[in-house]
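**Q** Sharing a structure here in structure tokens format.
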Amino acid sequence: MKFTFVTLFENIMKCYFEDSILKRAIEKNILEIEFKNPRDYTTHKHNKVDEYMIGGGAGLTLLPQPLYDTIKDIKQKSKNSHVVFVLPSAKPFTQKDAKRLSKKEHIVLVSGRYEGFDERLIEMVANEVFSIGDFILTGGELPSLCICDSISRQVDGVLGNVESLEGESFEENLLEAPNFTKPNIFRNSPVIKEFLKGNHGNIHHLKNKLSIAKTRFFRPDLYKKINNEEKR
């Protein structure tokens, strides 16, 4: 699977792929990572990629031409590319999206800067738009990395143990149950006794109850979905 990052600041992203799981996936040719800088495509004589907004407003907006030509070049070389814009004013990215997009051959993640994108560009070239939360960052590079990481974990062969995908948060709208490791008692705080007895049926049942309780406390919006599904 291939990821292409469209960004003005590729150096702050490259280091993420230099260690751990994603590095090994790249070395095994399971993943391929590419960077494209819109500044290399600008037709402006001073290499500008941003401009003041029409209608006024603070800050600068990315010019449509450099980004449009960047994505056009990518699409000409890769007919199966799926273009994703990352911006706060979009639908939330979810685990279901990660699973679905992991079946794609080539995903292009477009990172904004300054005051974002010219809306016409999004309408012309984007296949999807995503937000990673109700907060603002200085650019789209971190959200793009988050989305890439989440999708990559779902690609066959990336994780050493496929069982790691089982029982994770957001499966069936539930948060993951609490996890414990050795020692059995840490600073006078013991592990739940049922976890030590080896009865996997009971442990599974307890973990499910803990998942529901955790979801109800931290994510009442997800808990409401569970109740609505049970009532159907």
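The values are calculated or read from the model by the stated rules, or taken from the named source; none is laboratory data. Predicted model only: the values in this text are computed from it and were never measured. Virtual Cβ from ideal backbone geometry, glycine too; neighbours counted across all protein chains shown.
**Q** Need pairs with beta-carbon distance below 9 Å; first residue farther than 18 Å from Ser152 by Cα and within segment 5-20, second buried (at least 19 other Cβ atoms within 10 Å of the Cβ) and among the hydrophobic types (A, V, I, L, M, F, W, C); sequence gap 6+ or separate chains.
**A** Thr7/Met13; Thr7/Leu109; Thr7/Val110; Leu8/Val49; Leu8/Leu62
**Q** Could you check, for segment 92-105, whether at least one of its residues is surrounded by fewer than 19 Cβ atoms within 10 Å (Cβ to Cβ), among the hydroxyl-bearing types (Ser, Thr, Tyr), outside any strand (DSSP E or B) and assigned by TED's automatic domain parsing to the domain that holds Ile21?
**A** Yes, some residue in segment 92-105 is surrounded by fewer than 19 Cβ atoms within 10 Å (Cβ to Cβ), among the hydroxyl-bearing types (Ser, Thr, Tyr), outside any strand (DSSP E or B) and assigned by TED's automatic domain parsing to the domain that holds Ile21.
**Q** What tally of residues in segment 106-140 results from selecting those that are among the charged types (D, E, K, R) and assigned to a strand (DSSP E or B)?
**A** Going through segment 106-140, the residues among the charged types (D, E, K, R) turn out to be 113, 115, 118-120, 123, 128, 134.
Narrowing the set further to residues that are assigned to a strand (DSSP E or B) leaves 113, 128.
Count: 2.
**Q** For segment 36-66, give me each residue that is part of a strand (DSSP E or B) and touching a residue at least 60 places away in the same chain (Cβ under 8 Å).
**A** Going through segment 36-66, the residues part of a strand (DSSP E or B) turn out to be 36, 50-52, 60-62.
Passing the criteria: only Asp50.
**Q** Could you pull out the residue among Leu60, Leu31 that is surrounded by fewer than 17 Cβ atoms within 10 Å (Cβ to Cβ) and aliphatic (A, V, I, L, M)? Lay out the reasoning, then the answer.
**A** Numbers: Leu31 fails: surrounded by fewer than 17 Cβ atoms within 10 Å (Cβ to Cβ).
One residue alone meets the criteria, Leu60.
**Q** Also: Select from segment 64-87 the residues that are within 14 Å of Asp118 (Cβ to Cβ) and either small (Gly, Ala, Ser) or more than 25 Å from the chain's Cα centre (by Cα) (or both) and list them in ascending order. Give the derivation first.
**A** Pass one, segment 64-87, residues within 14 Å of Asp118 (Cβ to Cβ): 64-71, 85, 87.
Once the filter is applied, which keeps residues that are within 14 Å of Asp118 (Cβ to Cβ) and either small (Gly, Ala, Ser) or more than 25 Å from the chain's Cα centre (by Cα) (or both), segment 64-87 yields only Gln65.
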